[in-house]
Amino acid sequence: MTPPPFHLFGTPHIVAMVAMLAVPVALSAAVRRLDSERATRVVCVVFAIVMLVNQVVYWCYRYVTVGASTFVREHLPLHVCGMTVLLSVATLLWRRRFTYELLYFWGLAGATNAMVTRN
């Protein structure tokens, strides 16, 4: 079964973009309003688990669809994006300033690269 074609700025695309903005803003507002270390910890742990599960499922999917040799060559977390996901999980769980700063500057480098290059 083939997936439906992607339509730029179609309804699913716009919903995903709005959710990418709305969910972090809502979580931040909720944690600030509750002003509780426990609420902050719960949100961080849940978000870390979601990110880790998403990445592991993606790696499993790619391993099954492209095979072992292509997976090892192209999809191991040896690129900045894959390492950023793992470092984000570590930052959410252990909340260290160094990992946060590293993620911040990797994000700046990645966003600058994405704006400068076509693909």
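Coordinate-derived values only; no laboratory data. Because the structure is a prediction, the values reported are computed rather than measured. Here Cβ is always computed from backbone atoms with ideal geometry, including for glycine, and neighbour counts include all displayed protein chains.
Per-residue HN-Hα couplings for the range 16-25, Karplus 6.51 cos²θ - 1.76 cosθ + 1.60 at θ = phi - 60°, whole Hz, x for Gly and Pro?
Couplings: 5, 5, 5, 5, 5, 8, 6, 5, x, 5 Hz.
Report the Cα centroid-to-centroid distance between the range 44-119 and the range 1-19 in angstrom, as an integer.
When both Cα centres are located, 22 Å separates them.
Let me spell out the model: positive unit charges on the Cβ of Lys and Arg, negative unit charges on the Cβ of Asp and Glu, origin at the Cα centre of the chain. What dipole size does that give, in debye rounded to 20?
Numbers: 10 positive and 4 negative charges, 38 e Å.
Here the chain has a charge dipole of around 180 debye.
Provide the gained length on full extension for the span Val53 to Thr11, in nm with one decimal, where the gain is 0.36 nm per separating residue minus the Cα-Cα distance.
The Val53-Thr11 span can extend by a further 12.5 nm.
Looking at the range 1-107, I'd like the Rg to Rh ratio, where Rg is from alpha-carbon atoms and Rh is Kirkwood's inverse mean 1/r.
Rg/Rh for the range 1-107 comes to 1.03.
³J(HN,Hα) across the range 88-105 via Karplus (A = 6.51, B = -1.76, C = 1.60, θ = phi - 60°), whole Hz, x for Gly/Pro?
5, 4, 4, 5, 5, 7, 9, 6, 9, 5, 4, 5, 5, 5, 4, 4, 4, 6
Once phi is turned into θ = phi - 60°, what whole-Hz ³J(HN,Hα) does the Karplus curve with 6.51, -1.76 and 1.60 give for every residue of the range 48-57, x standing for Gly and Pro?
For the range 48-57, the Karplus-derived couplings read 5, 5, 4, 5, 5, 4, 4, 5, 5, 4 Hz, x marking Gly and Pro.
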